[in-house]
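**Student:** Next up is a structure, given as C-alpha cells.
The values are calculated or read from the model by the stated rules, or taken from the named source; none is laboratory data. Please read these numbers as outputs of a predicted model, since none were measured by experiment. Don't worry about glycine lacking a Cβ; one is built from the backbone with ideal geometry, like all the others, and counts go over all protein chains shown. SASA here: full protein model, heavy atoms, side chains in, ligands and nucleic acids out. Shrake-Rupley method; radii C 1.70, N 1.55, O 1.52, S 1.80 Å.
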Amino acid sequence: DTVLKASHQFPGGKGDVRDEMVQIIAREVEAANVGLKIQVFPGSSLYKPNDQWNALARGLLDMSSFPLDYASGKVPQFSATLMPGLVGNLDRAKRLNDSPFMADIKKLISDAGVVVIADAWLSGGFVSKKDCITSPESIKGQVVRAAGPAFEQMLAAAGASISSMPSSEIYTGMQTGVLDAANTSSASLVSYRLFEQGKCLTAPGENALWFMYEPVLMSKRVFEGLTEPQRAAILAAGKKSEAFFDAEIRKGDQKMIDAYKKANVQVVEMSKGDYDAWLAVAKSSAYDKFANDVPGGGELIEKALAVK
Amino acid sequence: MISAFVSAVGALSRLLAIVATLLLIAAMLVVCEMILVRYVFRAATIWQTDFVIFAATASVFLGAPYVLLKNGHVGVDVVELLLKPRPRRVLRIIGALCGLAFCAAMLAASYINFEEAWSAGWKHSSVWAPRLWIPLSALPVGFGMLCLQYVAQILVMLREPLQADPAAEHIAMAHAVAPHALEETAR
Amino acid sequence: MSPVSSGLLLVGGLFALLATGMPIAFALGLAAVGALVLQGGFPIFYVLSETMFAGIANLAYVSIPMFVLMGAAVASSPAGGDLYASLDRWLNRVPGGLVLSNIGACAIFSGMTGSSPATCAAIGKMGIPEMMNRGYPASVATGSIAAGGTLGILIPPSVTLIVYGISTETSIGRLFMAGVLPGIMLTAMFMVWAVFDAKRKGFEFGARAMRYTLAQKLETLPRIGPFLLIIAGTLYVLYGGIATPSEAAGAGALLTLLVVVIAYRLFRFRPIAGIFGSAMRESVMIMMIMAAAELFSFALSSLFVTQTVASAIASLEVNRWVLMAVINLFLLVAGMFLPPVAVIVMSAPLLFPIVTQAGFDPYWFAIVLTINMEVGLITPPVGLNLFVINAIAPQVPTRDILWGSLPYVLVMFLAILILCIFPEIATWLPNQMMGAAT
Ligand code: NA
Ligand code: NA
C-alpha cells in the first residue's frame, strides 16, 4: 500500500467540518481498495499551519487543508480568496467555483505544484459587545480583531481600530475589553463561545462579507505519481467530501444562530444596502491595494464581481 | 594563528549578541507602544505584531552563538563527571562535533530557506507584509556563527592541557540558567 | 521500520547524544534531523528551517523573554535582598523563620518572573549564605531555596504555562489564574513542612534573642512597595482590559525596569545593559530548546510515533485515574532528563486530547503538569535549579542539595494528590473570574 500523509490544523475526531472533509477522503480512498491509505495528522501535529503550503509544493507533504490565504505571501494573488465582499453567500460561492475567477486561482495553485481535491468556502460573521455591525458606520470606533489582512484594511478604512491577536485570545480579549468586536468564521464564533461575551451577532445570511476559501489540496508531484485508479478514487472522494461540506456549512450557520439566540444575543444580517456600502469601502481600500500591489489583481477582482 | 581565529570568532559572537539584545529591547518597546496606540488612542496597529514576533524570534538565533561561547546552553553533565580527564576530553570533543554537525545541517537548511524567500520575494501574509528574508536571515547567520564558534571550541580543546574543572562547568551552566544573579555575585 | 521501533531508536539516539554533555537543544535537533533524513532523505532540508522558526515565531512566546526580563531586572538590583530582609524581620521568631523567609520571598518573587531558575538565583544568593551563617545545615538552606524557586513556574506569570497554552490552544490568561491558588497552597505546604522540620530538629540559633520592634518591622515595608507595585501593575494590565496576556508581559517588563531603575537609582549604562544581556542569555537558552523540541516533535510525528503512542494510550481500558497516574509517571521521568519547556512542547499535543477525552479539565491538568515539571527542576541529571544552587553555593556538595530538596519533592507529590481529590483548587478561581471553561 502507498501511504499518504494529510496534515491540517483543526481538532481531529471532534466533528470539525474541515477535519471531517479530510477524514471522509481518507475513508473513501481506503474503501475504494486501490492500494492507497491516508494517514491524517490533525491539530497541527505534523506541520505548522503556515508551513503546509511549501511542504505540499515540495512534495514533502501529500495532502492538506488550510485557508489558501496562508500562502498569499508566496503567491500574492491568493489574497483574493479572503477578500471582503467577493462571495456574498453560499449559493454564489458554488457558482464562483466554476467561474473564470477560480479557474485563474486554480491555475496559480497548479503552477506552484499543488492541486485542488475539494473546494470549500467557509462563511463567517461579526460579533460585537457594542453596536450591531451592519453598515460601515456601525463599526466606527470599535476595536476589532479581523480574520485576514484584506479585512483589516477594509475595516480600518471604515474607521475601526484593528487589533491583531491569535483567535484563541479573542474570548479573553472581549471579556477584558481589549476587543469590542471580532470577525471570524461561523465555526470559530461557536467553538470559542463568543456568545458569552457578545451582545450582537451579524450572521452570514444573503449578504455576507466574510468568506474564506479553504480547499483540500494535494501535492501535484505526489498526485501525478499515483496510478490512474488511485487518482480517480481520490477525486471521487473529494467530490463526496465537497458535498458533505456544502450541507454541513449551512447547518453550521444555523447552529451558530441557535447558539447565539439561546444565549440571548441579538442576531442580525446585513441588508443589500449595507453590503453595497461595504463594497464601496472595500473598493477604495482592500481592492485598490490588491489591484495596485498584485500583478493581475484588478482583473481577478473584476472577474469575481462579474459572477452572477 | 589559532588564538587569533578564536578571539575573532568570539568578538563576532559578542557583536551578534548585542544585535540580539537590541532586538529584544525593541520588541519590548514596540509591545508597549502597541498597547498605548490601541488602548489610549484606540487606533489601528498594523505592523507592531509582526515586528515584535520577528524581532524576538530573530534574537534567539542571533544570540545563540554568544550563549555557546559562554557555555550557556544547558546540557547533561553526569556522564562527564564520572570520567577521568582523558576520556572526558574525548567525550567533550565528540559532543562538540555532534553540535557542529547539527549547526552545519541547520546552516544548510536555513540557507536554502533564506535563499528561496529572497529570490521568490516571499512576504508574510499580513497587512504590513514584511519581506520574509529579513527575519529568516537570522537563521543562517546564527547557525553559521554557531559553526564557527564550535570550530573555535574544538581547536581550543585539542590544544589545552588536561585539567578541566567540573565545578567550573556547573557555574558556566548556571550562568545560562540564571545569569543575573551570578553576575551580581561576581561583582 | 514500525513506528514503535523507530520511536525507540529516536529516543535512544537522543539519550546517546545527551550523554556527551552537548547542549540539550542541539541534541534534540540532531536526533530529529538524523531520523528525518533516514526516513525521507535530504529533501527534508527544505522544511527544517521553517519548522524551527515557525515553532517559536508566535506572539505569545514573545512574553517569555519579557517575563524573564522582569526577573532579571529585580534580581540585578538590591531588591531581592530587601524583600528577604523585610520578611526576616517579621518571621524570625517562628521556628525555622529564615526558611520561611526564603520560601515566602521565592513566592513573591515568582509573581514577577516567569522562570524558576531566576527565582532560585535571586533569593538564593541572599538566602543561602544568610541561613548558613546562622547555623542552618547546608542541606536545609539549599534545599528550601531549590524548592522555593520552583514556585516561579506555578505562580503566574509562568513560562511553562505560556508554552502549554500555545501547544494546546488554551487561554493563557485563564491558565495563569488557575495557577494562583495551587501556588499559594504549595507555598503554604512548603512552609508547614519547614516549620515542622525546624521544630523536629530544634533550629533556634538564638533567633528569638534577636527581637525586632514593631517600628523596625514597619520600616522595612516601604521597601517591599516596589514589588507590590510591579505585581499589581502587571495584574492590572493583564486582567484590567488593557492587553492580552501576551502583551502584558512587555508592559510588565518595562514597568519593572522603570521601578527598579528609579527605586534603586541605577542610572548608569552598565547595570542596565547587564539586565538586558542576562535576560537575553536566559531566554535564548529557553527558546533554543523550544525550537529544537519543535523539530524533535516534528520527527516523532513524521515517523507516526506520536499517533501510535497516543492511540495505544487511548485504547487502554483503564480507570481514568490509573491513566492519570501513568501520565504523571511519564512526565516525571521526562522531567528528570529534559527542561520543562521541552517536555511540554513535545508531550502536550500528545497528552492533551487523551486527558480531555478522559474527562479531565485542561486547566487543572496544566497545573498538575506544572507541579510535575517543578519536580524535574530539582531532580538530577538535568535540574535547572540545581545548576543555579551549585553556582551560588559551590561549597555545598550536590548530595546535600538533593537531600535537602527531597522532602519538598514529596510535598509536591502530596500537592498533586490533593489537586486530584480537590480539582476545584485549580478551577475555582478561573471559573469565578472568567466564567465556565470554554
Ligand atoms: Na512566576
Ligand atoms: Na530533572
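**Student:** Could you give the semi-axes, largest first, of the ellipsoid that matches the protein assembly as shown, computed as the square roots of 5 times the alpha carbon gyration tensor eigenvalues and rounded to whole Å?
**Tutor:** Numbers: eigenvalues 446, 205, 137 Å².
Rounded to whole Å, the semi-axes are 47, 32, 26.
**Student:** What residues of the range A:161-198 lie in the reach of a label at A:Asp131, counting those whose backbone N is under 17 Å from a point 7 Å from the Cα along Cα→Cβ?
**Tutor:** Answer for this model: A:161-162, A:180-182.
**Student:** Still on this structure, I have one more. Of the candidates A:Val114, A:Val281, A:Val294, which one comes out as most mobile in a Gaussian network treatment of chain A with C-alpha springs shorter than 10 Å?
**Tutor:** A:Val294
**Student:** Tell me which lysines have Cα within less than 20 Å of A:Lys129's Cα, excluding those fewer than 8 residues away on the same chain?
**Tutor:** A:Lys140, A:Lys199, A:Lys261, A:Lys262
**Student:** In vacuum, with every alpha carbon of the range C:124-173 counted as one equal point scatterer, what does the Debye formula give for log10 I(q)/I(0) at q = 0.19, 0.21, 0.25, 0.29 Å⁻¹? Two decimals, please.
**Tutor:** -0.64, -0.70, -0.84, -0.98
**Student:** What is the Cα centroid distance between the range A:1-51 and the range C:176-198, reported in whole angstrom?
**Tutor:** The distance from the Cα centre of the range A:1-51 to that of the range C:176-198 comes to 46 Å.
**Student:** Please grab the % of Cα pairs in the range C:187-335 that end up more than 25 Å from each other.
**Tutor:** I get 66 percent for the Cα pairs in the range C:187-335 exceeding 25 Å.
**Student:** Would you mind pulling out the separation of the Cα centroids of the range A:213-273 and the range A:167-181, in Å?
**Tutor:** Computed from Cα coordinates, the inter-centre distance equals 27 Å.
**Student:** If the viscosity is 1.306 mPa s and the temperature 10 °C, what Stokes-Einstein diffusion coefficient in µm²/s follows for chain A when Rh is the Kirkwood radius over Cα pairs?
**Tutor:** 80
**Student:** Please compare each pair in A:Lys48/A:Lys239; A:Lys94/A:Lys251; A:Lys220/A:Lys251 to a cut-off of 21 Å on the Cα-Cα distance and tell me which ones are over it.
**Tutor:** Exceeds cut-off: A:Lys48/A:Lys239; A:Lys220/A:Lys251.
**Student:** For chain C, set up a Gaussian network in which alpha carbons nearer than 10 Å are linked by springs, and say which option among C:Ile103, C:Ile128, C:Ile392 fluctuates the most.
**Tutor:** Fluctuation is largest for C:Ile392.
**Student:** Hey, which lysines would be in cross-link range of C:Lys217, C-alpha to C-alpha under 29 Å, not counting anything within fewer than 8 residues on its own chain?
**Tutor:** Reachable lysines: C:Lys125, C:Lys199, C:Lys201.
**Student:** For a Förster distance of 41 Å, can you work out the FRET efficiency between the beta-carbons of B:Leu155 and A:Asp293, rounded to the nearest 0.05?
**Tutor:** Efficiency, rounded to the nearest 0.05: 0.25.
**Student:** Follow-up. Identify all aspartates and glutamates with a Cα-Cα distance to A:Lys303 below 14 Å; exclude those on the same chain that are fewer than 8 residues away in sequence.
**Tutor:** Straight-distance partners of A:Lys303: A:Asp98, A:Asp104.
**Student:** Here's another thing I want to ask about it. Before anything else, pin down the relative contact order of chain A: Cα pairs under 8 Å, at least 6 apart, normalised by residue count, whole percent.
**Tutor:** About 26 percent, as a whole number.
**Student:** Follow-up. Hey, if we sort C:Met285, C:Met191 by accessible area with the 1.4 Å probe, largest down, what's the order?
**Tutor:** Of C:Met285, C:Met191, the descending order of accessible area is C:Met191, C:Met285.
**Student:** With solvent modelled as a 1.4 Å probe, how much accessible area in total do chains B and C shield from it at their shared surface, in Å² to the nearest 100? Before the final figure, lay out each step's value.
**Tutor:** Numbers: alone 11720 and 18570 Å², together 24190 Å².
Summing both chains' loss of accessible area gives about 6100 Å².
**Student:** Now a separate question. Between C:Ile262 and C:Leu417, how many nm apart are label points set 7 Å from Cα along the C-beta direction?
**Tutor:** 4.9
**Student:** Using only the Cα atoms of the range C:147-186, build the gyration tensor, take square roots of its eigenvalues as a ≥ b ≥ c, and label the shape rounded, prolate or oblate: rounded if a/c is under 1.5, else prolate if a/b is larger than b/c, else oblate.
**Tutor:** Details: a/c = 3.06, a/b = 1.69, b/c = 1.81.
Cα axes put the range C:147-186 in the oblate bin.
**Student:** For C:Lys201, what accessible surface area do you get with a 1.4 Å probe? Give it in Å², rounded to 10.
**Tutor:** 110
**Student:** Computed over the Cα atoms, what is the radius of gyration of the range B:2-178 divided by 2.2 N^0.38 Å, N being its residue count?
**Tutor:** With N residues counted in the range B:2-178, Rg over 2.2 N^0.38 Å equals 1.26.
**Student:** Using the heavy atoms of the protein chains alone and a 1.4 angstrom probe, what is the accessible area of the protein assembly as shown per residue in square angstrom? Let's see the in-between values first.
**Tutor:** Values: 33360 Å² over 933 residues.
So the protein assembly as shown comes to 36 Å² accessible per residue, rounded to a whole number.
**Student:** From the helices alone, meaning DSSP H stretches of at least four residues, give me the mean residue ellipticity at 222 nm for the protein assembly as shown, per-run term -39500 (n - 2.57), in deg cm²/dmol to the nearest 500. Walk me through the intermediate numbers first.
**Tutor:** Numbers: 41 runs with 621 residues, N = 933.
It comes out at -22000 deg cm²/dmol, rounded to the nearest 500.
**Student:** Further question on the same structure: What is the calculated FRET efficiency for C:Leu8 to C:Arg211, with r their C-beta to C-beta distance and R₀ = 56 Å, to the nearest 0.05?
**Tutor:** 0.35
**Student:** Taking N as the number of residues in the range C:3-434, what value does Rg over Cα atoms divided by 2.2 N^0.38 Å take?
**Tutor:** That ratio works out to 0.98.
**Student:** Please give, to one decimal in nm, the separation of the simple spin-label points placed at A:Lys251 and B:Lys84, each 7 Å out from Cα toward the Cβ.
**Tutor:** 7.4
**Student:** Classify the range A:38-111 as rounded, prolate or oblate, taking a ≥ b ≥ c as the square roots of the eigenvalues of its Cα gyration tensor: rounded when a/c is under 1.5, otherwise prolate if a/b is larger than b/c and oblate if not.
**Tutor:** It is prolate, given that a/c is not under 1.5 and a/b is the larger ratio.
**Student:** With heavy atoms of protein chains only and a 1.4 Å probe, what residues of the range B:97-114 have at least 20 Å² less accessible area in the full set of chains than alone?
**Tutor:** Checking the loss per residue gives B:Cys98, B:Phe102, B:Ala105, B:Met106, B:Ala109, B:Ile112, B:Asn113.
**Student:** Out of the total accessible area of chain A (probe 1.4 Å, heavy atoms of protein only), what percent is carbon and sulfur? Intermediate values should be presented prior to the final figure.
**Tutor:** Numbers: 5530 of 10980 Å².
Answer for chain A is 50 percent, counting heavy atoms of protein chains only.
**Student:** Counting only protein heavy atoms, what percent of the accessible surface of chain C is carbon or sulfur at a 1.4 Å probe?
**Tutor:** On the way: 10180 of 14420 Å².
Whole-percent figure for carbon plus sulfur exposure: 71.
**Student:** Continuing with this model, one more query. I need the calculated FRET efficiency for the pair A:Lys94 and C:Glu317, taking r as the beta carbon distance and R₀ as 35 Å, to the nearest 0.05.
**Tutor:** 0.15
**Student:** In Å³ and rounded to a whole number, note down the convex hull volume per residue for the Cα atoms of the range B:1-52.
**Tutor:** Taking only Cα atoms, the range B:1-52 has a hull volume of 48 Å³ per residue.
**Student:** GNM, chain B, Cα, under 10 Å: largest mean-square fluctuation among B:Glu160, B:Glu80, B:Glu116?
**Tutor:** Maximum among the listed residues: B:Glu160.
**Student:** If DNA, RNA and ligands are ignored and the probe is 1.4 Å, what is the ranking of A:Glu20, C:Glu424 by accessible area, most exposed first?
**Tutor:** Highest to lowest solvent-accessible surface, that is C:Glu424, A:Glu20.
**Student:** Follow-up question, since we're still on this one. With labels modelled as points extended 7 Å from the Cα through the Cβ direction, what inter-label distance (nm, one decimal) is found for A:Lys272 paired with A:Glu206?
**Tutor:** Going by the 7 Å Cα→Cβ label model, 0.7 nm.
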